[in-house]
1. Can you tell me the orientation of helix 206-228 relative to the chain, as the angle in degrees between its alpha-carbon axis and the longest Cα principal axis, to the nearest 10?
2. Calculate, for residue 221 and residue 93, the FRET efficiency according to 1/(1 + (r/R0)^6) with r their C-beta to C-beta distance and R0 22 Å; round to the nearest 0.05.
3. If you wrap a convex hull around the Cα atoms of region 368-526, how much volume per residue is inside, in Å³?
4. Taking the radius of gyration and the Kirkwood hydrodynamic radius from Cα positions alone, what is the Rg/Rh ratio for the chain, to two decimal places?
5. In square nanometres, what is one fourth of the surface area of the convex hull spanned by the alpha carbons of region 313-423?
6. Taking the Cα centre of each part, how many Å lie between region 290-307 and region 311-356?
7. How do the peptides 455-463, 421-429 rank, highest first, by the average count of neighbouring beta carbon atoms within 10 Å per residue?
8. Rounded to the nearest 500 deg cm²/dmol, what is the calculated helix-only ellipticity per residue at 222 nm for the chain, with -39500 (n - 2.57) per DSSP H run of length n ≥ 4?
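Bear in mind these aren't lab numbers, they're just calculated from the coordinates by the rules spelled out. Every value quoted in this text rests on a predicted model; they were computed, and no experiment measured them. Cβ placement follows ideal geometry from the backbone for every residue including glycine, while neighbour counts extend to all protein chains displayed.
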């Protein structure tokens, strides 16, 4: 059993490394999320040994990638005279040597190698506690969730997850506690909401872990002050740049003017803390956090249940669950309309670094046969939600017709759409107002057509309708005057990112061979 478990894990990790090494990311039609910033920051460290953005950085990037760095995030503390990259330096520093050796494939190879190291260390540490099924459980945690697909995305989330897994493995083995503290501090500096992980240590290790963490925080803060002029990459003035805005040092970009006109993207500002917690929205966020169609941790990280299966009290393991709950609560407070990472995120990328905390709940010995059965069962239960990723893990995550490729038909049928999240665009189109109704199209088969809506032929349609007051009904009116009265039930009610209270209705339309064009008209109560 022991050899089989390690062989399965090893083969899966080797296949992932081979997939990363042979993927030409220039085949993707665009960058996703903040990839351009991480790549340019890594290039600057690899070639220039600094974090400062210059024209040379831009030209090098375009030469290597054949496209501009769309979504580039820059930071300044001196009114735009000096521009640095607006992302934490730890991940770019890690991938920089790989990027220097292979500008296109290096980052993916670095991700795959770090994932392999973290998986092996977690497997060895947990094997001493739960037995020979541990490597198989690690294989399930990584490959029966969306985790493995993050190898192909040049973002820091998998990096942070691996650091947490390695740190917890060191703590579990009761060695290198100073190093474990330093690794957890790196994670916390990238996102302070993970600070609860520092509590997840046995009493005898807490002091050394704290010393390691404090030393790393001090060094990193001093380095950030020296290179950025502020203690964090999320401070100062920050802006995002695209081809339509122009790029500094390339186009006539007025930094001060852009800040004055569009504001700053810094997280260290009073507005960040003003959003506050709304009980009704918080309740919906909790539901979506667990079982949301696009971001739920149960459909997309289902093997986390294995940690609870072999849970045993002691050694501070209660704090692992506390760290996860604390991070979720902080996100519900600070980012209630985007607690998952936004844009092209696969499921909930903010949860990914917390995921290994639930692995290390497992501390009770498990019989090998029972352990293998449990791993197989959670994999089978996760399969309906992971089939798209398993079948095409390296494909561009956004579908050309709109929507997210990783979301399966089962998820669309069985799981609720996340009404509280502002960044989700399942149809690939922006929200709009139609006859006094707020509309979000939930399927690519629907599209705006002037003053009407159009449903493509032979395709069902799904849309979310919002109203500031409850509706008695909705009239669906076709161009020939045919009217159908609909009475959808209230799908949810909570505040939105532009108003305090909103009624939301989900409307599903049956497919028609010829398609249809229509308008929607509200019928108000009273």
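1. So the inclination is approximately 60 degrees.
2. Numbers: r = 16 Å, r/R0 = 0.71.
So the FRET efficiency works out to roughly 0.90.
3. Working: hull volume 24.7 nm³, N = 159.
That works out to 156 Å³ per residue.
4. Working: Rg = 24.2 Å, Rh = 24.7 Å.
In the chain, Rg relative to Rh is 0.98.
5. On the way: hull surface 36.3 nm².
Projected area, direction-averaged: 9.1 nm².
6. 12
7. Details: 455-463: 17.4, 421-429: 19.1.
Output ranking for 455-463, 421-429: 421-429, 455-463.
8. On the way: 17 runs with 223 residues, N = 526.
After summing the helix terms and dividing by residue count, I get -13500 deg cm²/dmol.
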